[in-house]
Amino acid sequence: MSSPRQDAWLRRDHAHLWHPFTQADEWESQSDNLVIARGDGVWLEDVDGRRYLDGTASLWCNVLGHRHPRIDAAIQAQLGRIAHSTMLGLTHPGAIEHAERLSEHTGLPRVFYSDSGSTAVEVALKMAFQGKQQVGEVRRTRFAAFTEAYHGDTVGSVSLGGIDLFHAVYRPLLFDAVRLPAPDAADPEDEARCLASIRRLLGEHGDTLAAVVVEPLVQGAAGLRHHSPAFLREVAALTREVGAFLVVDEVATGFGRTGPMFASVGAGVQPDFLCVAKAITGGYLPLAATLTTEAVYDAFRGPYTDYRTFFHGHTYTGNPLAIAAANATLDVYAEERVLEQLPGRIAALQEALARLDEPWVAGVRQVGLMAAVELQRTDGTPYAPHERAGHRASLAARKHGAIVRNLGDRVMVMPPLVMEPPELRAVVAALAAGAAEVCG
Ligand SMILES: *Cc1c(COP(=O)(O)O)cnc(C)c1O
(Lines give C-alpha, C1' and ligand atoms only; values in the text may rest on other atoms or scores of the structure.)
Protein backbone atom coordinates (compact mmCIF):
# COMPACT_ATOMS: atom_id res chain seq x y z
CA MET A 1 0.00 0.00 0.00
CA SER A 2 2.77 2.20 -0.95
CA SER A 3 2.19 5.90 -1.68
CA PRO A 4 4.59 8.86 -1.89
CA ARG A 5 3.54 10.14 1.53
CA GLN A 6 3.81 6.72 3.16
CA ASP A 7 7.13 5.93 1.48
CA ALA A 8 8.69 9.19 2.65
CA TRP A 9 7.90 8.32 6.26
CA LEU A 10 9.07 4.73 5.85
CA ARG A 11 12.46 5.81 4.46
CA ARG A 12 13.02 7.84 7.62
CA ASP A 13 11.68 4.98 9.76
CA HIS A 14 14.09 2.53 8.13
CA ALA A 15 17.01 4.86 8.82
CA HIS A 16 16.46 5.13 12.58
CA LEU A 17 13.84 2.85 14.12
CA TRP A 18 14.22 -0.61 15.60
CA HIS A 19 10.79 -2.26 15.87
CA PRO A 20 9.79 -4.74 18.60
CA PHE A 21 9.43 -8.44 17.70
CA THR A 22 10.27 -7.50 14.10
CA GLN A 23 12.92 -8.86 11.73
CA ALA A 24 14.59 -5.78 10.22
CA ASP A 25 15.24 -7.39 6.82
CA GLU A 26 11.58 -8.30 6.49
CA TRP A 27 10.33 -4.93 7.72
CA GLU A 28 12.56 -2.97 5.35
CA SER A 29 11.74 -5.09 2.32
CA GLN A 30 8.00 -5.60 2.55
CA SER A 31 5.83 -3.25 0.53
CA ASP A 32 2.73 -3.19 2.72
CA ASN A 33 4.00 -1.35 5.81
CA LEU A 34 1.56 1.19 7.15
CA VAL A 35 2.10 4.54 8.79
CA ILE A 36 -0.83 5.08 11.14
CA ALA A 37 -1.82 8.67 11.74
CA ARG A 38 -5.23 8.56 13.43
CA GLY A 39 -7.78 6.35 15.07
CA ASP A 40 -11.49 6.54 15.70
CA GLY A 41 -13.54 3.89 17.50
CA VAL A 42 -12.52 0.48 16.18
CA TRP A 43 -10.82 2.03 13.13
CA LEU A 44 -7.22 2.99 12.39
CA GLU A 45 -6.35 5.43 9.60
CA ASP A 46 -3.04 5.69 7.73
CA VAL A 47 -1.35 8.88 6.52
CA ASP A 48 -3.20 8.57 3.20
CA GLY A 49 -6.58 8.46 4.92
CA ARG A 50 -7.21 4.74 4.29
CA ARG A 51 -9.09 3.03 7.12
CA TYR A 52 -8.54 -0.39 8.69
CA LEU A 53 -10.42 -2.25 11.40
CA ASP A 54 -8.18 -2.64 14.47
CA GLY A 55 -8.33 -6.43 14.69
CA THR A 56 -5.50 -6.60 17.23
CA ALA A 57 -6.91 -3.95 19.59
CA SER A 58 -3.55 -2.23 19.08
CA LEU A 59 -1.78 -5.25 20.54
CA TRP A 60 -4.55 -6.44 22.88
CA CYS A 61 -4.96 -3.25 24.87
CA ASN A 62 -7.48 -0.99 23.14
CA VAL A 63 -10.70 -2.36 24.59
CA LEU A 64 -13.08 0.61 24.26
CA GLY A 65 -12.10 2.10 20.90
CA HIS A 66 -9.79 4.94 19.90
CA ARG A 67 -10.58 8.54 20.82
CA HIS A 68 -13.24 7.52 23.28
CA PRO A 69 -14.73 10.89 24.33
CA ARG A 70 -14.91 9.91 28.01
CA ILE A 71 -11.24 8.85 28.21
CA ASP A 72 -10.04 11.76 26.04
CA ALA A 73 -11.85 14.18 28.38
CA ALA A 74 -10.44 12.54 31.52
CA ILE A 75 -6.86 12.87 30.24
CA GLN A 76 -7.46 16.46 29.16
CA ALA A 77 -8.92 17.32 32.57
CA GLN A 78 -5.93 15.72 34.30
CA LEU A 79 -3.55 17.71 32.05
CA GLY A 80 -5.21 20.83 33.43
CA ARG A 81 -4.19 19.73 36.95
CA ILE A 82 -0.81 17.94 36.67
CA ALA A 83 0.79 15.48 34.23
CA HIS A 84 3.09 13.71 36.64
CA SER A 85 4.18 13.64 40.23
CA THR A 86 5.92 10.77 41.99
CA MET A 87 4.43 7.94 44.09
CA LEU A 88 7.73 7.66 46.02
CA GLY A 89 6.80 9.42 49.23
CA LEU A 90 3.79 11.27 47.75
CA THR A 91 0.35 10.18 46.67
CA HIS A 92 -2.51 11.50 44.52
CA PRO A 93 -6.30 11.21 44.43
CA GLY A 94 -6.56 9.26 41.17
CA ALA A 95 -4.13 6.57 42.33
CA ILE A 96 -6.06 6.14 45.57
CA GLU A 97 -9.41 5.93 43.80
CA HIS A 98 -8.13 3.48 41.21
CA ALA A 99 -6.58 1.21 43.85
CA GLU A 100 -9.91 1.10 45.69
CA ARG A 101 -11.71 0.16 42.49
CA LEU A 102 -9.21 -2.56 41.46
CA SER A 103 -9.46 -4.03 44.97
CA GLU A 104 -13.22 -4.10 44.74
CA HIS A 105 -13.07 -6.02 41.44
CA THR A 106 -10.47 -8.57 42.58
CA GLY A 107 -10.79 -8.96 46.35
CA LEU A 108 -7.07 -8.13 46.68
CA PRO A 109 -6.62 -5.08 48.94
CA ARG A 110 -3.03 -3.94 48.10
CA VAL A 111 -2.11 -2.28 44.82
CA PHE A 112 1.43 -1.54 43.56
CA TYR A 113 1.64 0.42 40.30
CA SER A 114 4.22 0.09 37.53
CA ASP A 115 4.28 0.68 33.77
CA SER A 116 3.97 -2.54 31.76
CA GLY A 117 2.90 -6.15 31.98
CA SER A 118 6.54 -7.19 32.24
CA THR A 119 7.15 -4.94 35.24
CA ALA A 120 3.87 -6.04 36.87
CA VAL A 121 5.21 -9.63 36.75
CA GLU A 122 8.71 -8.62 37.90
CA VAL A 123 7.15 -6.86 40.88
CA ALA A 124 5.10 -9.97 41.77
CA LEU A 125 8.23 -12.17 41.58
CA LYS A 126 10.28 -9.89 43.81
CA MET A 127 7.42 -9.41 46.30
CA ALA A 128 6.75 -13.16 46.46
CA PHE A 129 10.43 -13.97 46.99
CA GLN A 130 11.09 -11.23 49.54
CA GLY A 131 7.76 -11.88 51.28
CA LYS A 132 8.65 -15.54 51.82
CA GLN A 133 12.17 -14.61 53.00
CA GLN A 134 10.73 -12.17 55.53
CA VAL A 135 8.42 -14.70 57.16
CA GLY A 136 11.36 -17.08 57.61
CA GLU A 137 10.63 -19.37 54.65
CA VAL A 138 14.17 -18.86 53.38
CA ARG A 139 14.32 -22.04 51.28
CA ARG A 140 11.62 -20.67 48.98
CA THR A 141 13.86 -19.09 46.35
CA ARG A 142 12.43 -20.54 43.12
CA PHE A 143 9.42 -20.20 40.85
CA ALA A 144 7.30 -22.58 38.83
CA ALA A 145 5.85 -21.57 35.48
CA PHE A 146 4.15 -23.35 32.59
CA THR A 147 5.31 -24.70 29.26
CA GLU A 148 4.68 -22.15 26.48
CA ALA A 149 4.20 -19.41 29.09
CA TYR A 150 4.68 -15.75 28.24
CA HIS A 151 5.00 -13.18 31.03
CA GLY A 152 6.87 -10.31 29.36
CA ASP A 153 10.31 -9.38 28.10
CA THR A 154 12.35 -8.28 31.11
CA VAL A 155 14.89 -10.79 32.41
CA GLY A 156 12.80 -12.01 35.35
CA SER A 157 9.64 -12.45 33.33
CA VAL A 158 11.63 -14.05 30.49
CA SER A 159 12.98 -16.55 33.05
CA LEU A 160 9.38 -17.69 33.53
CA GLY A 161 8.83 -17.79 29.78
CA GLY A 162 8.43 -21.10 28.01
CA ILE A 163 8.32 -20.08 24.34
CA ASP A 164 11.66 -21.21 22.89
CA LEU A 165 11.42 -18.91 19.86
CA PHE A 166 11.36 -15.86 22.16
CA HIS A 167 13.23 -17.11 25.20
CA ALA A 168 15.80 -19.82 24.41
CA VAL A 169 18.60 -17.45 23.34
CA TYR A 170 18.60 -15.80 26.78
CA ARG A 171 18.80 -19.03 28.84
CA PRO A 172 22.38 -18.38 30.06
CA LEU A 173 21.17 -15.10 31.59
CA LEU A 174 18.07 -16.49 33.29
CA PHE A 175 17.17 -18.13 36.57
CA ASP A 176 15.80 -21.67 36.38
CA ALA A 177 12.07 -22.14 36.76
CA VAL A 178 10.33 -25.43 37.53
CA ARG A 179 8.45 -26.08 34.30
CA LEU A 180 4.86 -27.32 34.70
CA PRO A 181 3.01 -28.78 31.70
CA ALA A 182 0.14 -26.64 30.37
CA PRO A 183 -2.71 -28.16 28.36
CA ASP A 184 -3.01 -27.14 24.72
CA ALA A 185 -6.80 -26.86 24.62
CA ALA A 186 -9.32 -27.62 27.36
CA ASP A 187 -9.36 -31.37 26.69
CA PRO A 188 -10.20 -33.31 29.89
CA GLU A 189 -7.71 -36.14 29.25
CA ASP A 190 -4.89 -33.73 28.42
CA GLU A 191 -5.71 -31.71 31.56
CA ALA A 192 -5.75 -34.83 33.75
CA ARG A 193 -2.34 -35.85 32.37
CA CYS A 194 -0.93 -32.37 33.00
CA LEU A 195 -2.36 -32.29 36.54
CA ALA A 196 -0.75 -35.63 37.37
CA SER A 197 2.66 -34.22 36.33
CA ILE A 198 2.03 -30.96 38.16
CA ARG A 199 1.13 -32.87 41.33
CA ARG A 200 4.39 -34.82 41.04
CA LEU A 201 6.55 -31.75 40.24
CA LEU A 202 5.05 -29.71 43.07
CA GLY A 203 5.49 -32.68 45.42
CA GLU A 204 9.16 -32.75 44.48
CA HIS A 205 9.94 -29.00 44.41
CA GLY A 206 7.02 -27.39 46.28
CA ASP A 207 8.91 -26.57 49.47
CA THR A 208 11.52 -24.59 47.50
CA LEU A 209 8.97 -22.51 45.60
CA ALA A 210 8.14 -18.89 46.37
CA ALA A 211 5.33 -18.92 43.80
CA VAL A 212 3.60 -20.67 40.93
CA VAL A 213 2.92 -18.25 38.07
CA VAL A 214 0.10 -18.86 35.60
CA GLU A 215 -1.75 -17.13 32.78
CA PRO A 216 -5.32 -17.91 33.84
CA LEU A 217 -7.46 -19.74 31.23
CA VAL A 218 -5.50 -18.57 28.18
CA GLN A 219 -1.85 -18.55 27.11
CA GLY A 220 -2.30 -15.79 24.56
CA ALA A 221 1.23 -15.36 23.23
CA ALA A 222 1.51 -19.13 22.74
CA GLY A 223 -1.14 -18.75 20.05
CA LEU A 224 -4.14 -19.13 22.30
CA ARG A 225 -3.54 -22.34 24.19
CA HIS A 226 -6.22 -22.66 26.84
CA HIS A 227 -7.49 -24.66 29.77
CA SER A 228 -10.69 -25.02 31.77
CA PRO A 229 -11.62 -23.09 34.93
CA ALA A 230 -11.55 -26.47 36.74
CA PHE A 231 -7.90 -26.95 35.73
CA LEU A 232 -7.02 -23.50 37.02
CA ARG A 233 -8.82 -24.20 40.33
CA GLU A 234 -6.87 -27.45 40.69
CA VAL A 235 -3.55 -25.66 40.04
CA ALA A 236 -4.54 -23.10 42.69
CA ALA A 237 -5.37 -25.84 45.21
CA LEU A 238 -2.10 -27.73 44.56
CA THR A 239 -0.13 -24.50 44.91
CA ARG A 240 -1.79 -23.74 48.24
CA GLU A 241 -1.07 -27.29 49.45
CA VAL A 242 2.69 -26.84 49.00
CA GLY A 243 2.65 -23.40 50.63
CA ALA A 244 3.73 -21.38 47.57
CA PHE A 245 2.06 -18.16 46.46
CA LEU A 246 -0.16 -18.20 43.38
CA VAL A 247 0.56 -15.41 40.88
CA VAL A 248 -2.02 -14.95 38.10
CA ASP A 249 -0.83 -12.95 35.11
CA GLU A 250 -4.02 -11.27 33.87
CA VAL A 251 -2.14 -8.89 31.57
CA ALA A 252 -3.90 -10.38 28.53
CA THR A 253 -7.05 -11.81 30.15
CA GLY A 254 -7.94 -8.89 32.42
CA PHE A 255 -10.73 -6.37 31.82
CA GLY A 256 -13.19 -8.72 30.18
CA ARG A 257 -11.16 -10.32 27.40
CA THR A 258 -12.40 -13.84 28.31
CA GLY A 259 -15.88 -12.70 29.39
CA PRO A 260 -15.72 -11.92 33.13
CA MET A 261 -13.80 -8.83 34.31
CA PHE A 262 -10.91 -11.06 35.44
CA ALA A 263 -10.47 -14.66 34.30
CA SER A 264 -9.25 -15.91 37.69
CA VAL A 265 -12.07 -14.23 39.60
CA GLY A 266 -14.57 -15.63 37.09
CA ALA A 267 -13.13 -19.11 37.66
CA GLY A 268 -13.52 -18.75 41.43
CA VAL A 269 -9.78 -18.62 42.10
CA GLN A 270 -8.36 -16.30 44.76
CA PRO A 271 -4.67 -15.69 43.97
CA ASP A 272 -2.01 -14.14 46.21
CA PHE A 273 -0.88 -11.86 43.38
CA LEU A 274 -2.73 -10.59 40.31
CA CYS A 275 -0.91 -8.70 37.53
CA VAL A 276 -2.73 -6.33 35.18
CA ALA A 277 -1.58 -4.01 32.40
CA LYS A 278 -2.58 -3.87 28.69
CA ALA A 279 -6.28 -2.88 28.87
CA ILE A 280 -6.10 -1.09 32.23
CA THR A 281 -6.07 2.37 30.61
CA GLY A 282 -8.38 1.39 27.77
CA GLY A 283 -5.21 1.05 25.71
CA TYR A 284 -4.34 4.74 26.02
CA LEU A 285 -1.24 5.04 28.21
CA PRO A 286 1.31 2.73 29.84
CA LEU A 287 0.20 1.59 33.30
CA ALA A 288 0.29 -1.69 35.19
CA ALA A 289 -0.58 -2.90 38.65
CA THR A 290 0.42 -5.81 40.87
CA LEU A 291 -2.30 -6.61 43.39
CA THR A 292 -1.76 -8.65 46.52
CA THR A 293 -3.08 -9.57 49.95
CA GLU A 294 -2.80 -7.81 53.29
CA ALA A 295 -0.75 -10.79 54.57
CA VAL A 296 1.94 -10.16 51.93
CA TYR A 297 1.94 -6.43 52.68
CA ASP A 298 2.31 -7.15 56.40
CA ALA A 299 5.44 -9.25 55.74
CA PHE A 300 7.14 -5.99 54.62
CA ARG A 301 6.31 -4.01 57.80
CA GLY A 302 8.76 -3.24 60.60
CA PRO A 303 11.18 -0.57 61.84
CA TYR A 304 13.11 1.00 58.95
CA THR A 305 16.42 -0.52 60.07
CA ASP A 306 15.00 -4.03 59.75
CA TYR A 307 15.27 -3.26 55.99
CA ARG A 308 12.08 -5.09 55.12
CA THR A 309 11.02 -2.32 52.72
CA PHE A 310 10.17 -3.28 49.12
CA PHE A 311 13.04 -1.43 47.46
CA HIS A 312 11.50 -1.22 44.00
CA GLY A 313 9.84 1.60 42.07
CA HIS A 314 9.79 3.10 38.60
CA THR A 315 10.01 6.81 37.91
CA TYR A 316 6.60 6.99 36.23
CA THR A 317 4.89 4.56 38.62
CA GLY A 318 1.25 5.56 39.04
CA ASN A 319 1.52 8.36 36.47
CA PRO A 320 -1.52 10.63 36.98
CA LEU A 321 -2.41 10.89 33.27
CA ALA A 322 -2.38 7.11 32.91
CA ILE A 323 -4.38 6.74 36.11
CA ALA A 324 -6.95 9.26 34.84
CA ALA A 325 -7.36 7.09 31.73
CA ALA A 326 -7.65 4.00 33.93
CA ASN A 327 -10.38 5.50 36.10
CA ALA A 328 -12.27 6.71 33.03
CA THR A 329 -11.93 3.21 31.55
CA LEU A 330 -13.69 1.68 34.57
CA ASP A 331 -16.37 4.40 34.30
CA VAL A 332 -16.98 3.40 30.68
CA TYR A 333 -17.21 -0.30 31.61
CA ALA A 334 -19.99 0.61 34.04
CA GLU A 335 -21.78 3.23 31.92
CA GLU A 336 -21.71 1.33 28.62
CA ARG A 337 -22.30 -2.05 30.28
CA VAL A 338 -19.34 -3.42 28.30
CA LEU A 339 -19.26 -6.85 29.95
CA GLU A 340 -23.02 -7.32 29.63
CA GLN A 341 -22.75 -6.88 25.87
CA LEU A 342 -19.86 -9.29 25.44
CA PRO A 343 -21.81 -12.56 25.09
CA GLY A 344 -23.49 -11.35 21.86
CA ARG A 345 -20.15 -10.25 20.39
CA ILE A 346 -18.40 -13.45 21.43
CA ALA A 347 -21.18 -15.43 19.73
CA ALA A 348 -20.94 -13.27 16.57
CA LEU A 349 -17.19 -13.89 16.35
CA GLN A 350 -17.76 -17.60 16.88
CA GLU A 351 -20.35 -17.73 14.08
CA ALA A 352 -18.09 -15.86 11.68
CA LEU A 353 -15.19 -18.21 12.45
CA ALA A 354 -17.40 -21.29 12.12
CA ARG A 355 -18.10 -20.37 8.50
CA LEU A 356 -14.38 -20.62 7.66
CA ASP A 357 -14.50 -24.17 6.31
CA GLU A 358 -11.59 -23.79 3.89
CA PRO A 359 -8.94 -26.43 3.24
CA TRP A 360 -6.24 -24.00 4.47
CA VAL A 361 -7.80 -23.80 7.94
CA ALA A 362 -5.95 -26.22 10.22
CA GLY A 363 -8.03 -25.20 13.20
CA VAL A 364 -9.84 -22.37 14.94
CA ARG A 365 -9.71 -21.63 18.64
CA GLN A 366 -11.54 -19.01 20.62
CA VAL A 367 -11.86 -17.98 24.26
CA GLY A 368 -14.11 -15.00 24.89
CA LEU A 369 -13.28 -12.21 22.45
CA MET A 370 -9.93 -13.66 21.43
CA ALA A 371 -9.43 -16.10 18.60
CA ALA A 372 -6.75 -17.75 16.48
CA VAL A 373 -7.03 -19.23 13.00
CA GLU A 374 -4.28 -21.74 12.26
CA LEU A 375 -3.20 -21.96 8.63
CA GLN A 376 -2.01 -25.00 6.68
CA ARG A 377 -1.47 -25.94 3.05
CA THR A 378 -4.59 -26.97 1.18
CA ASP A 379 -3.26 -30.55 1.23
CA GLY A 380 -3.41 -30.45 5.03
CA THR A 381 0.35 -30.29 5.68
CA PRO A 382 1.87 -27.53 7.84
CA TYR A 383 3.89 -24.67 6.38
CA ALA A 384 7.62 -24.45 7.07
CA PRO A 385 8.74 -21.49 9.23
CA HIS A 386 10.61 -19.81 6.34
CA GLU A 387 7.41 -19.63 4.29
CA ARG A 388 6.02 -17.09 6.78
CA ALA A 389 2.47 -18.05 5.81
CA GLY A 390 0.84 -16.52 8.89
CA HIS A 391 2.84 -13.33 8.52
CA ARG A 392 2.07 -12.97 4.81
CA ALA A 393 -1.63 -13.71 5.35
CA SER A 394 -1.77 -11.00 8.04
CA LEU A 395 -0.19 -8.47 5.69
CA ALA A 396 -2.54 -9.49 2.87
CA ALA A 397 -5.56 -8.93 5.15
CA ARG A 398 -4.73 -5.21 5.19
CA LYS A 399 -5.75 -4.87 1.55
CA HIS A 400 -9.15 -6.13 2.69
CA GLY A 401 -9.48 -3.56 5.44
CA ALA A 402 -8.29 -5.11 8.70
CA ILE A 403 -5.14 -5.20 10.80
CA VAL A 404 -4.46 -8.63 12.28
CA ARG A 405 -1.23 -10.20 13.54
CA ASN A 406 0.12 -13.73 13.50
CA LEU A 407 1.95 -15.87 16.01
CA GLY A 408 3.65 -18.41 13.77
CA ASP A 409 0.94 -19.74 11.47
CA ARG A 410 -1.83 -18.77 13.82
CA VAL A 411 -3.47 -15.50 12.83
CA MET A 412 -4.87 -13.86 15.95
CA VAL A 413 -8.11 -11.91 16.18
CA MET A 414 -8.12 -9.74 19.28
CA PRO A 415 -10.66 -6.98 18.64
CA PRO A 416 -11.63 -4.11 20.92
CA LEU A 417 -14.37 -5.35 23.27
CA VAL A 418 -16.73 -2.74 21.82
CA MET A 419 -16.45 -4.03 18.24
CA GLU A 420 -19.96 -4.77 16.92
CA PRO A 421 -20.94 -7.96 15.06
CA PRO A 422 -20.79 -6.42 11.53
CA GLU A 423 -17.22 -5.23 12.10
CA LEU A 424 -16.26 -8.54 13.74
CA ARG A 425 -17.52 -10.30 10.62
CA ALA A 426 -15.55 -7.87 8.46
CA VAL A 427 -12.32 -8.62 10.36
CA VAL A 428 -12.82 -12.36 9.87
CA ALA A 429 -13.66 -11.79 6.20
CA ALA A 430 -10.48 -9.74 5.69
CA LEU A 431 -8.43 -12.41 7.44
CA ALA A 432 -10.02 -15.06 5.21
CA ALA A 433 -9.40 -13.04 2.04
CA GLY A 434 -5.76 -12.49 3.03
CA ALA A 435 -5.27 -16.14 3.94
CA ALA A 436 -6.92 -17.31 0.69
CA GLU A 437 -4.46 -15.18 -1.29
CA VAL A 438 -1.48 -16.74 0.46
CA CYS A 439 -2.70 -20.30 1.06
CA GLY A 440 -5.53 -20.88 -1.41
C1 LIG B 1 1.59 -8.73 26.92
C2 LIG B 1 1.76 -9.62 28.09
C3 LIG B 1 2.76 -9.38 29.06
C4 LIG B 1 3.77 -8.26 28.91
O5 LIG B 1 3.17 -7.01 28.96
P6 LIG B 1 3.99 -5.73 28.40
O7 LIG B 1 3.12 -4.58 28.77
O8 LIG B 1 4.11 -5.94 26.92
O9 LIG B 1 5.30 -5.73 29.09
C10 LIG B 1 2.84 -10.21 30.15
N11 LIG B 1 1.99 -11.24 30.30
C12 LIG B 1 1.03 -11.51 29.40
C13 LIG B 1 0.11 -12.66 29.65
C14 LIG B 1 0.89 -10.73 28.25
O15 LIG B 1 -0.04 -11.02 27.33
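The values are calculated or read from the model by the stated rules, or taken from the named source; none is laboratory data. Remember, it's a predicted structure, so these values are computed and weren't measured experimentally. Note that we place each Cβ from the backbone using ideal geometry, even for glycine, and neighbour counts take in every protein chain shown. When the accessible area is computed, the model is the full protein with side chains, heavy atoms only, and any ligands, DNA or RNA have been set aside. Shrake-Rupley method; radii C 1.70, N 1.55, O 1.52, S 1.80 Å.
Looking for something part of a helix (DSSP H, G or I) and loosely packed, with under 15 Cβ neighbours inside 10 Å - is there at least one such residue anywhere in region 275-297?
Of the residues in region 275-297, the ones part of a helix (DSSP H, G or I) are 278-281, 294-297.
When the remaining residues are screened for being loosely packed, with under 15 Cβ neighbours inside 10 Å, the result is 294-295.
Looking for residues that are part of a helix (DSSP H, G or I) and loosely packed, with under 15 Cβ neighbours inside 10 Å, one finds at least one in region 275-297, hence yes.
Take the conditions open to solvent by less than 20 Å² (accessible area, probe 1.4 Å) and either more than 16 Å from the ligand (Cβ to nearest atom) or over 14 Å from the mean Cα position of the chain (by Cα) (or both) and apply them to Phe262. Does it pass?
It is false that Phe262 is open to solvent by less than 20 Å² (accessible area, probe 1.4 Å) and either more than 16 Å from the ligand (Cβ to nearest atom) or over 14 Å from the mean Cα position of the chain (by Cα) (or both).
Would you check if there is a residue in region 7-22 being out of contact with any Cys (no Cβ under 6 Å at 6 or more places or on another chain), in a strand (DSSP E or B) and outside the structural domain of Ser116 (by TED's automatic domain parsing)?
If we filter region 7-22 for residues that are out of contact with any Cys (no Cβ under 6 Å at 6 or more places or on another chain), which is where we start, we get 7-22.
Filter again for in a strand (DSSP E or B), leaving none.
Scanning region 7-22 turns up no residue that is out of contact with any Cys (no Cβ under 6 Å at 6 or more places or on another chain), in a strand (DSSP E or B) and outside the structural domain of Ser116 (by TED's automatic domain parsing).
Of the residues that make up region 406-418, is at least one touching a Phe, Trp or Tyr at 6+ places or on another chain (Cβ under 7 Å) and under 15 Å from Ala57 (Cβ atoms)? I'd like the intermediate steps shown before the answer.
Within region 406-418, the subset touching a Phe, Trp or Tyr at 6+ places or on another chain (Cβ under 7 Å) is 409, 414.
Checking the rest, the ones that are also under 15 Å from Ala57 (Cβ atoms) come to 414.
Scanning region 406-418 turns up at least one residue that is touching a Phe, Trp or Tyr at 6+ places or on another chain (Cβ under 7 Å) and under 15 Å from Ala57 (Cβ atoms).
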- Query: Within region 87-107, is even one residue within 16 Å of the ligand (Cβ to nearest atom), open to solvent by 20 Å² or more (accessible area, probe 1.4 Å) and either of a type outside the set (S, T, N, Q) or closer than 27 Å to Asp153 by Cα (or both)?
  - Reply: no
- Taking Ala221 as meeting all but one of (1) of a type in the set (A, V, I, L, M); (2) under 27 Å from Gln130 (Cα atoms); (3) within 16 Å of the ligand (Cβ to nearest atom), write down the number of the exception. (2)
- Query: When only residues in region 153-181 that are within 13 Å of the ligand (Cβ to nearest atom) and open to solvent by 30 Å² or more (accessible area, probe 1.4 Å) count, which is nearest to the chain's Cα centre (by Cα)?
  - Reply: Asp153
- Task: Please work out which residue is farthest from Arg140 (Cα to Cα), limiting yourself to region 182-214 and to residues that are open to solvent by less than 20 Å² (accessible area, probe 1.4 Å), of a type outside the set (Val, Ile, Thr) and not in a helix (DSSP H, G or I).
- Result: Pro183
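Given the criteria in contact (Cβ under 8 Å) with a residue 40 or more places away in the chain, open to solvent by 30 Å² or more (accessible area, probe 1.4 Å) and of a type in the set (A, V, I, L, M, F, W, C), does Leu64 qualify?
Numbers: in contact (Cβ under 8 Å) with a residue 40 or more places away in the chain: yes; open to solvent by 30 Å² or more (accessible area, probe 1.4 Å): no; of a type in the set (A, V, I, L, M, F, W, C): yes.
In short, no.
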- Message: Give all pairs with beta carbons closer than 8 Å in which a residue from region 10-32 that is of a type in the set (S, T, N, Q) meets a residue that is at pLDDT below 95 and open to solvent by less than 100 Å² (accessible area, probe 1.4 Å); count only pairs at least 6 apart in sequence or on separate chains.
- Response: Ser31/Met1; Ser31/Ser2
- Those strands (runs of 3 or more DSSP E) completely within region 300-407 that have 1 or more residues that are surrounded by fewer than 17 Cβ atoms within 10 Å (Cβ to Cβ) and not assigned by TED's automatic domain parsing to the domain that holds Asp184 are 361-367
- Query: When you scan region 108-143, how many residues do you find that are within 16 Å of the ligand (Cβ to nearest atom) and not in a helix (DSSP H, G or I)?
  - Reply: 6
- Does region 28-35 contain any residue that is within 25 Å of Gly220 (Cα to Cα), out of contact with any Cys (no Cβ under 6 Å at 6 or more places or on another chain) and in the same structural domain as Arg425 (by TED's automatic domain parsing)? yes
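Report, by residue number, each residue of region 23-50 that is assigned to a strand (DSSP E or B) and crowded, with 16+ Cβ neighbours inside 10 Å. Write out each step before concluding.
To start, the set of residues in region 23-50 that are assigned to a strand (DSSP E or B) comprises 36-41, 43-46.
Passing the criteria: Gly39, Gly41, Trp43, Leu44, Glu45, Asp46.
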- Item | Positions within region 239-259 being of a type in the set (Ser, Thr, Tyr) and more than 11 Å from the ligand (Cβ to nearest atom), in sequence order | Thr239, Thr258
- Single unsatisfied condition, Tyr150 versus (1) open to solvent by less than 20 Å² (accessible area, probe 1.4 Å); (2) over 20 Å from Asp272 (Cβ atoms); (3) touching a residue at least 40 places away in the same chain (Cβ under 8 Å): (1)
